[in-house]
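A.B. asks: Below: one structure in structure tokens.
What follows draws every value from the coordinates through simple rules; no lab data is involved. Treat the numbers as computed from the prediction; the structure is a model and nothing was measured. For neighbour counting, all protein chains shown are included, and Cβ atoms are generated from backbone atoms with ideal geometry for every residue, glycine included.
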Amino acid sequence: MTRSAVLCGLGAWVPPRVVTNDDLAARLDTSDEWIRTRTGIRQRHVISDGLGTADLAVEAGALALKSAGLSEVDYVVLATTTPDRLCPATGPEVATRLGLTGVPAFDVAAVCSGFLYGLQTGRALIAGEIAGTVLVVAAESFTTLVDPADRATSPIFGDGAGAVVLRAGEAAELGAVRAVNLHSDGSLAELITVAGGGARARAVGDTSPAHITMQGRATFAHAVKHMEEVTRRTLAQVGWDVAEVDHVVGHQANARILHALAKHLGLAEEQAVVHIEEVGNTAAASIPLALHHGATTGRIKPGDKVVLPAFGAGATWGAAALTWPALEV
Ligand code: ACO
């Protein structure tokens with residue numbers, strides 16, 4: 001039997017503070033109608049002052065551990081682009097606050113593909129017999145990167161966290177992560193970027209642009225093209241015909257991207273799980289948040305064939321395929 005990583009726990013958490021489209025329209029040149037029709041977003045959750053990414057990650061991580069019925073794991077992987085500090089990584093704090101001091105814990109930064117990069121890391125640790133259990137948390141305080149005066153990015157992003165627990169099992173089990181394909185293209189770095197704050201442009205004084213900029217239209221086209229290609233290849237790898245897929249749970253950047261992707265694949269629009277309406281684009285956290293939404297609303301059922309594509313800044317992209325397990329969520 002091939003040793004595989006099996007998804008055995010799921011948790012999600014969003015901060016309680018809600019910012020509606022009308023709240024944004026009260027201070028920006030935008031409207032609820034524009035945001036809803038162009039993105040599918042109705043509201044987003046935003047962290048309150050004094051909170052950070054670790055606070056979100058700990059909540060989601062604790063729920064995922066509870067869902068898995070575990071109090072210990074061998075590794076903690078935190079997918080985030082919004083660590084609480086540039087140094088050290090946020091993963092160790094998350095592990096310690098979950099009662100896991102001593103466990104190896106680190107951050108993975110792949111922006112909107114971050115959950116898939118974390119999943120692949122956890123999967124490899126298990127397949128390589130380095131770990132028997134891995135907690136993969138994806139958490140973002142993405143609104144902290146947004147210029148509140150920028151109408152192009154303020155409506156898009158939200159804060160939140162999702163987490164899964166992986167355990168060693170067999171490829172034929174429900175929940176076995178059957179395939180993960182990842183890609184990157186650094187020549188597309190300028191599509192979505194926060195130019196300041198890093199080693200090249202340290203945030204000294206207030207001259208560095210530490211806010212996110214996004215070339216929306218170009219990103220949209222790359223997202224649909226790359227997610228379709230990697231989804232098709234991932235399905236071929238696991239031997240599933242596109243027609244067998246029950247749900248596409250993609251990175252929640254824009255409802256129109258998710259619907260376009262379903263259409264390009266020849267699937268019904270309803271097969272795209274769209275959760276962006278309630279939470280906005282939560283970058284790395286968006287796929288586990290959408291999985292949690294799908295599972296807790298009864299839409300994603302044990303045995304369903306699920307494919308998880310993502311595209312985001314970097315550029316990074318990828319897709320994963322699994323059959324949905326029976327989970328306590
Ligand atoms: N309210 C009102 N009007 C607006 C707003 C707003 N909030 N924002 C832009 N507009 C205007 C523009 O000024 C433009 O006006 P013009 O035609 O007079 O010039 C018009 O609306 C259309 O602007 P576009 O940017 O072309 O709008 P588009 O339909 O492309 O939607 C969006 C923008 C939502 C950003 C879309 O392009 C998108 O979702 N892109 C993909 C984003 C993505 O996939 N990101 C990857 C993941 S995110 C990450 O990695 C961090």
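A.B. asks: Report the gain in length on full extension from residue 184 to residue 28: 0.36 nm times residue separation, minus Cα-Cα distance, nm rounded to one decimal. The partial results should precede the final answer.
C.D. replies: Details: separation 156, 0.36 × 156 = 56.16 nm, distance 3.41 nm.
Extra length available between residue 184 and residue 28 comes to 52.8 nm.
A.B. asks: Here is a further query. Using a basic spin-label model with each label point 7 Å from the Cα along Cα→Cβ, how many nm lie between residue 277 and residue 106?
C.D. replies: 4.1
A.B. asks: With n ≥ 4 as the cut-off for DSSP H runs, can you work out [θ] at 222 nm for the chain, using -39500 (n - 2.57) per run divided by the number of residues, rounded to the nearest 500? Display every interim value, and only then the final one.
C.D. replies: On the way: 9 runs with 99 residues, N = 329.
Computed mean residue ellipticity for the chain: -9000 deg cm²/dmol.
A.B. asks: Let me ask another. What's the ranking of 28-39, 167-178, 129-140 by average number of surrounding C-beta atoms within 10 Å, highest first?
C.D. replies: Values: 28-39: 15.2, 167-178: 18.1, 129-140: 26.2.
Most protected by this proxy first, the peptides run 129-140, 167-178, 28-39.
A.B. asks: Given labels modelled 7 Å from the Cα in the Cβ direction, how far is it in nm from residue 326 to residue 66?
C.D. replies: A separation of 2.2 nm, rounded to one decimal place.
A.B. asks: Check cross-link reach from residue 301 to the lysines: straight Cα distance under 25 Å, and skip same-chain residues fewer than eight apart.
C.D. replies: 66, 263
A.B. asks: Run the numbers on segment 1-52 and let me know its relative contact order in percent, using alpha-carbon pairs under 8 Å that are six or more apart. Walk me through the numbers before you get to the answer.
C.D. replies: Working: 39 pairs, mean separation 20.9, N = 52.
After rounding, I find 40 percent.
A.B. asks: Here is a further query. Stretched out fully, how many nm does the piece from residue 173 to residue 38 gain, at 0.36 nm a residue minus the Cα gap? It would help to have the intermediate numbers written out before the result.
C.D. replies: Values: separation 135, 0.36 × 135 = 48.60 nm, distance 3.97 nm.
Result: 44.6 nm gained on full extension.
A.B. asks: At 0.36 nm per residue, minus the direct Cα-Cα distance, what do residue 236 and residue 48 gain on full extension? Give it in nm, one decimal, please. Before the final figure, lay out the partial values.
C.D. replies: Details: separation 188, 0.36 × 188 = 67.68 nm, distance 4.39 nm.
Roughly 63.3 nm would be gained on extension.
A.B. asks: If you don't mind, another one. Counting DSSP beta bridges with both partners in the chain, what percentage is antiparallel, nearest 5?
C.D. replies: Values: 41 of 54 bridges.
If we restrict to bridges inside the chain, about 75 percent are antiparallel.
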